[in-house]
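The values are calculated or read from the model by the stated rules, or taken from the named source; none is laboratory data. This one's a predicted model, so the numbers in the text were calculated from it and none came from an experiment. Glycine gets a Cβ as well: all are built from the backbone with ideal geometry, and neighbour counts include every protein chain shown. The accessibility values were calculated without ligands, DNA or RNA, using every heavy atom of the protein model including side chains. Shrake-Rupley method; radii C 1.70, N 1.55, O 1.52, S 1.80 Å.
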Amino acid sequence: MTNNLGQSKMDYASLARQLIRPVEEAGRVIMDIYRRRPTIDIKADGSPVTKADHAAEAILLAEIATLAPSIQIISEENATSHSLAPSQDFFLVDPLDGTKEFIKARGDGAFTVNIGLIKNGQPVMGIVFAPALDRLFFGSLGNGAFEISGGICRQIHVRMPPANGPIAVASASHRDAQTNQWLEKRGITKFIAIGSSLKFCLIAAGEADLYPRYGPTMEWDTAAGDAVLRAAGG
């Protein structure tokens, strides 16, 4: 691809596919650290961070800058980028979403690598990779959404809720009383508790139907999954 990704007509589908390799590389580094049980530090905001966050971010930022040198990058672990005024087009990167799930001794593997691309305030391209589950989701505006697992790529799409009732996804670490009340009020009794942006992706893949959220979240947590879900018809 030529370096024209800062131009008004961006090839989102091509960009997403070119970012798959560095996202998978970041996932391999994360898994190597995961198997060795990482040490944990606490950031100023009280949230945990590990060497995996920083190692994955280093890979992703370098590759994104090479592919799209004219597009601004805002990333969770790059504190300097948090004070930037967002441009018309910018990347939002969370190198390890679901850190709390990552550091659990017997976690379910519900942590992800997230890259989202924002244009005029809307997510238009996203990649979400769950390396422990071997599930990679990507999608972009006007090009559909896809999942790669076991080396097989398939297109995904949201579903109509089943006749026996919808399935909700909820945070494994942040579910609160408001969420429970929301589910109870609507008579929703089936739900999947899972961490990270996988919640968006399960809906995009037609495995769940709803994601209520009242607790705090950050835009780098949601941008990539939001883009995949929109591309899947959600």
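Side notes on the structure shown:
- From the alpha carbon centroid of segment 203-230 to that of segment 142-190 is 9 Å.
- Probe 1.4 Å, protein heavy atoms only - accessible area per residue of segment 74-161 in square angstrom: 42
- Accessible carbon and sulfur surface of segment 165-234 relative to its total accessible area, %, 1.4 Å: 52
- Ordered from longest to shortest, the equivalent ellipsoid semi-axes for segment 86-163 are 23, 20, 12 Å, each the square root of 5 times a Cα gyration tensor eigenvalue.
- In the complete set of protein chains, residue-level accessible area for Ile152 is approximately 120 Å², probe 1.4 angstrom.
- If you sort Ser171, Ser149 by accessible surface, 1.4 Å probe, largest first, the order is Ser149, Ser171.
- Amide H contacts of Tyr211 (H built 1.01 Å from N, under 5 Å, at least 5 apart or other chain): Val169
- Phi angles of segment 223-228 translate, via the Karplus equation with coefficients 6.51, -1.76, 1.60 and θ = phi - 60°, into HN-Hα couplings of 4, 5, x, 4, 5, 4 Hz per residue; Gly and Pro are given as x.
- The alpha-carbon atoms of the chain define a convex hull whose volume equals 128 cubic angstrom per residue.
- Shown for the chain: lysine pairs separated by 8 or more places, or found on different chains, whose C-alpha atoms are under 27 Å apart, numbering 15.
- Contact order relative to length of segment 60-143, as percent, for alpha carbon pairs under 8 angstrom and 6 or more apart: 19
- Note on segment 195-234: semi-axes of the ellipsoid equivalent to its C-alpha gyration tensor, largest first and rounded to whole Å, are 16, 12, 8.
- Taking the C-alpha atoms of segment 139-234, convex hull volume expressed per residue in Å³: 105
- Label-to-label distance for Lys185 and Ala62 is 4.9 nm, based on points extended 7 Å past Cα in the beta-carbon direction.
- Annotation: Lys104 carries an accessible surface of approximately 80 Å², with a 1.4 Å probe and no ligand, DNA or RNA atoms counted.
- For segment 118-164, the Stokes-Einstein estimate of translational diffusion at 25 °C and a viscosity of 0.890 mPa s comes to 200 µm²/s, using the Kirkwood hydrodynamic radius over alpha-carbon pairs.
- Along its three principal directions, the equivalent ellipsoid of segment 39-98 from the Cα gyration tensor extends over semi-axes of 22, 14, 8 Å, largest first.
- Using the rule -39500 (n - 2.57) for each DSSP H run of four or more residues, divided by the residues of the chain, the 222 nm mean residue ellipticity is -10000 deg cm²/dmol.
- Legend: translational diffusion of segment 129-195 by Stokes-Einstein, Rh = Kirkwood radius over C-alpha pairs, 25 °C, 0.890 mPa s; D = 171 µm²/s.
- Applying both filters, DSSP loop and at most 15 other Cβ atoms within 10 Å, to the chymotrypsin sites (Phe, Trp or Tyr not before Pro) of segment 146-234 gives Tyr214.
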